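Below is one structure; the comments refer to it alone.
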Amino acid sequence: MAQQGAELDRELGGRLAAAAHEGEGHAAGEHAHEWETSPWPLTISVGILLALPLAFAFRFVYGQPLLAVIMLGLGTPLIVAGVVGWVREGLGAHELGLSPAAMPWFILAEALIFLTLFASYWVMRLGAPEWPPAGTVDLPRLVPLAMTAILVSSSFTIHAAEARLAEGRHGAFLRWLALTMVLGTVFVLLSAFEWRELIHEGFTPATNAYSTAFFSITGFHAAHVIVGLGAFVALLLPALRGRVSEPFVKSASMYWHFVDVVWLFVVSQVYFW
């Protein structure tokens, strides 16, 4: 009887251990599932593609303003829907879908795209018989320097926000995050102001090869800044209600530092070379 009781105890213990292991695996699978199936980063990216590069190309390269308006009309709702969906994830029971483990790979892919743009610019610049080409206006010097100071400062502010969150200082985290968003928004507004002034002077993407490269590279970078601001909005609104995803903060911070570093290449190569 004692032996049978011991066997029953061992069998019961084995079943409990197996059930516990299965439960842990199921929970881990659910957690991974939450990270892998968020559609909102892709939704925002498609919206940015339609509303900025494609609209830009149809308007200034192909001379099709109607198609440009259509691209804007399709892309803008997708951007808004993506940000709203991200915010709803943050307010709900799921983690915000942005993983620190995947972000370096995404940054690498984006860096290669920027490298392609810069390489094309370098080949064109070094192979041109004269530079800048005819029709080029004098680019501003003060505005890009101010934009550089603003964006570099925003790297420090988002780092401060991440540090305050690690310290458990939620209010300080919110203040530093909000300041980062203000700086990023000012950067985008200055970029739009600069574009408007240059186009008013007759320097458009169709003026010459340099103008095409200038508007393409600076516009592509501005699109990345807007994506970063969208991620911050998706992070800020749930944080105001006490829900903060630390992996999301780390991923968004990592992306923002990448955007800042790329700008240093943009301003040094496109403006001052």
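A few remarks follow.
- Hits in the range 43-62 - residues which are exposed (fewer than 15 other Cβ atoms within 10 Å of the Cβ) and free of Cβ contacts under 8 Å to residues at least 24 places away in the same chain: Tyr62
- Selection from the range 197-208 of residues that are part of a helix (DSSP H, G or I) and surrounded by fewer than 17 Cβ atoms within 10 Å (Cβ to Cβ): Glu197, Ile199, His200
- From Val249, Val137, Val186, Val182, residue being more than 25 Å from Trp122 (Cβ to Cβ), surrounded by fewer than 20 Cβ atoms within 10 Å (Cβ to Cβ), touching a residue at least 12 places away in the same chain (Cβ under 8 Å) and of a type outside the set (Gly, Ala, Ser): Val186
- Qualifying positions in the range 119-134 - surrounded by 13 or more Cβ atoms within 10 Å (Cβ to Cβ), closer than 21 Å to Leu198 by Cα and not hydroxyl-bearing (Ser, Thr, Tyr): Arg125, Trp131, Pro132, Pro133
- Listed conditions (1) at pLDDT 90 or above; (2) more than 18 Å from Leu190 (Cα to Cα); (3) buried (at least 19 other Cβ atoms within 10 Å of the Cβ) are all met by Trp263, apart from (2).
- Failed item, numbered, when Gly168 is tested on (1) in a helix (DSSP H, G or I); (2) modelled with pLDDT under 95: (1)
The values are calculated or read from the model by the stated rules, or taken from the named source; none is laboratory data. Given the structure is predicted, the values throughout are model-derived calculations rather than measurements. Here Cβ is always computed from backbone atoms with ideal geometry, including for glycine, and neighbour counts include all displayed protein chains.
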